[in-house]
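The values are calculated or read from the model by the stated rules, or taken from the named source; none is laboratory data. Values in this document were obtained by computation on a predicted structure and should not be read as measured data. All Cβ positions, even for glycine, are placed from backbone atoms using ideal geometry, and neighbour counts span all protein chains on display. Note: accessible area is taken over every heavy atom of the protein model, side chains too, but ligands, DNA and RNA are not part of it. Shrake-Rupley method; radii C 1.70, N 1.55, O 1.52, S 1.80 Å.
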Amino acid sequence: MGLSMKDTFLAKYYMKEGEKKGIEVGIKEGKVEIAVRLLGRGESADDVAEITGLTLEEVERIKDRN
């Protein structure tokens, strides 16, 4: 009787790392969505960066795309 993938140390490690990465991506997407809304309301790039925690460069890229 062998171990399933979920039972191995490496499988558990990579599953946990994948979950962390997914959460990070979701948080980033949420910040970008908020930045888009704030920029749409006329907020300055500096204020949006401060509010969202994104860098000014990231906010400028978002601004240029929209």
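Listing for the model above:
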read-out	value
Dipole of the chain [Lys/Arg +1, Asp/Glu -1 at C-beta], most positive-end residue of 51, 10, 22	10
Region 16-66, accessible surface, carbon-and-sulfur percent (1.4 angstrom probe)	50 percent
Size of electric dipole in the chain: Cβ of Lys, Arg +1 and of Asp, Glu -1, about Cα centre, debye, nearest 20	400 debye
Anchor residue 12: lysines whose Cα lies under 24 Å away (excluding residues fewer than 8 positions away in-chain)	20, 21
More than 20 angstrom apart: percent of Cα pairs within the chain	46 percent
Heavy-atom surface of the chain, accessible at 1.4 Å and reported per residue (Å²)	83 Å²
Relative contact order of the chain, defined on C-alpha pairs under 8 angstrom at six or more residues apart (%)	24 percent
